[in-house]
Amino acid sequence: MSSGIRAWLDARPWIWSFGAALIVWLVTTFVVQGRGMLATLAVALQFATFYVIVGIGQMFAIAAGPGNIDLSIPGVMTFAGYIAIGLMNGSNYGLPAGLAAGIGVGIVAGVFNVLLIQGLRIPPMIGTLASGFVFQSMAIAYSSTTNAPPAPLLVSFSAARLLGVPLIALVFIIFTVFVAVGLRRSMFGRAVLAVGQSLRAARLAGLAVRRTFALVYLLSAILAAIAGILLAAYSGGAALDMGADYLLMSIAVVVLGGTSIAGGQASPAGLWGAATLLDLVVTMLNVMRVGAGVRYVVTGLIIIAVLALAKGSDETA
């Protein structure tokens, strides 16, 4: 591989996830003999959007430096989904109140995480994991009091398509562009990357380190709440296990997407490649009628392979 190509790949670590997603999609298309190939991609993009929403928040946390991670995402998603859908109660009139209450859950969760991490000095991994258990427990308690359907308008939005492309995906692709620009141009974005690269240097430079960390966890919790509300709407209602897959997947899409686990570097574009890859892998294995146990093994091996390729590109550059 020439030095020019190596340098190009090194500057774009997210490219491997897009390449792998393309290969998996082509294999799936071959297995089904080309039937529904565009529909398969559209469905994958639909579900990938939920991974991306929580992935953006997790990306900010991980980019803020080693040890920073948000493990409260599943609990926040579930409780926000139940609260929002419960207040909507199947009516468009309840939509504003439901959305406000669901996002409010995210704000409360973010503040709670910040208090645990900064106020009580609990390590982020432990603090957010405990916080997630608290919100999941509240969701369990609340779930026994309601079985309400979502507002029809929200259901329509979550399932709508524009020229065959999920509308929700288009909205959050635009949001991802703003996030990417904000990371490079805004004071907050540059502060997150600076803190992630060197906490000591960021403090010496006069950056508001504590405020940066607080905003990171607040943003992550709010995005988790939004994802929970939209997922509950798309699924026809909230469920206690709706956030279970997002504990590890929110981390997987960030790392596979090219964000450095050591912090100081983030790749918003890569979230889409990684999220689409993970969903397409599940689709491919289902089409091949692979058992659940084998699916987890194959998914893990594909993740390792993509990470190894990206790592190999870094080392040879």
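Brief remarks on what is shown
- Test for Ala205: is it of a type in the set (Gly, Ala, Ser), crowded, with 22+ Cβ neighbours inside 10 Å and either within 16 Å of the chain's Cα centre (by Cα) or more than 16 Å from Ala266 (Cα to Cα) (or both): no
- In summary, Gly263 fulfils each of the numbered conditions (1) on the phi < 0 side of the Ramachandran plot; (2) not in a helix (DSSP H, G or I) with the single exception of condition (1).
- Only helices (runs of 4 or more DSSP H) whose full extent lies in segment 27-115 are considered here, and the ones with at least 3 residues that are farther than 25 Å from Ser131 by Cα are 37-63.
- Selection status of Thr176, outside any strand (DSSP E or B) and modelled with pLDDT under 90: no
- Every pair of residues 6+ apart whose Cβ atoms lie under 7 Å, when the first sits in segment 203-227 and is under 18 Å from Gly243 (Cα atoms) while the second is crowded, with 18+ Cβ neighbours inside 10 Å and of a type in the set (Ser, Thr, Tyr): Ala221/Ser72
- Meets criteria (surrounded by 24 or more Cβ atoms within 10 Å (Cβ to Cβ) and either touching a Phe, Trp or Tyr at 6+ places or on another chain (Cβ under 6 Å) or in a helix (DSSP H, G or I) (or both)) for Val294: no
Conditions (1) of a type in the set (Phe, Trp, Tyr); (2) at pLDDT below 85; (3) part of a helix (DSSP H, G or I); (4) over 13 Å from Val54 (Cβ atoms), marked per residue:
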| position | (1), (2), (3), (4) |
| --- | --- |
| Arg203 | no, no, yes, yes |
| Ala227 | no, no, yes, no |
| Met284 | no, yes, yes, yes |
| Arg289 | no, yes, no, yes |
| Gly300 | no, yes, yes, yes |
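The values are calculated or read from the model by the stated rules, or taken from the named source; none is laboratory data. These numbers were taken from a predicted model, which means no experiment stands behind them. No Cβ is skipped: glycine too gets one built from the backbone with ideal geometry, and neighbour counts run over all protein chains shown.
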